[in-house]
Amino acid sequence: MSTPVNPFEAMMKQAQEMAKSMNPALESFSPKGFEGLWPTMPKEFMEMSFGKGLNKDGLDAKTRLLITLCGLTMQGAQSDTQIRLTVRHALEAGASKDEIAETIGMMSMFAGIPSMTRAMEFAREVLDKEEDEKS
């Protein structure tokens, strides 16, 4: 009797083999590099798109991004790319490092300490990079 194969694992293995055959350099490819290709939206654009542009009395872009960060942390901090992008955009929208840390820290009560710690690690990567670029 053969062991059942996870269809997702089989598909990923097949895609990796195909990529390797087309370009051997893709064997060590990391999708994390794509994050740098995604531009940080200007604060004004964020406000227009999903800030007060939708509802003049509604939430501003910074608050919406902090809420998004809560949700991503609540999911178990599985979405490392999305967390890093959200932190980057929250900074651009005017959130302070303390506000970002407090937002993630607050989720320890709802998502658990492992999720909070993991999200904080992803956020720290962005915050450290921002600090290095300012220096």
*For the range 119-135, enumerate the residues that are part of a helix (DSSP H, G or I) and not aliphatic (A, V, I, L, M).*
E121, F122, R124, E125, D128, K129, E130, E131, D132, E133, K134
_I'm checking my understanding of the structure. Among residues of the range 92-109 that are in contact (Cβ under 8 Å) with a residue 40 or more places away in the chain and not charged (D, E, K, R), which one is surrounded by the fewest Cβ atoms within 10 Å (Cβ to Cβ)?_
G94
*Considering only the range 94-118, how many residues are part of a helix (DSSP H, G or I) and of a type in the set (F, W, Y)?*
0
*Residues of the range 110-122 that turn out to be under 16 Å from the mean Cα position of the chain (by Cα) and surrounded by fewer than 18 Cβ atoms within 10 Å (Cβ to Cβ), as a count*: 2
_Subset of the range 82-93 [assigned to a helix (DSSP H, G or I) and among the hydrophobic types (A, V, I, L, M, F, W, C)]_ = I83, L85, V87, A90, L91
_Residue check, D57 in a loop (DSSP other than H, G, I, E, B) and either buried (at least 16 other Cβ atoms within 10 Å of the Cβ) or over 16 Å from the mean Cα position of the chain (by Cα) (or both)_ = yes
_On the basis of being over 16 Å from A61 (Cα atoms), of a type outside the set (F, W, Y) and within 14 Å of the chain's Cα centre (by Cα), does D80 make the cut?_
yes
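We did not get these values from a lab; they are worked out from the coordinates using the rules stated. If you're wondering where the values come from, they're calculated on a predicted model, not measured in any experiment. Backbone-built Cβ (ideal geometry, glycine too); neighbour counts: all protein chains shown.
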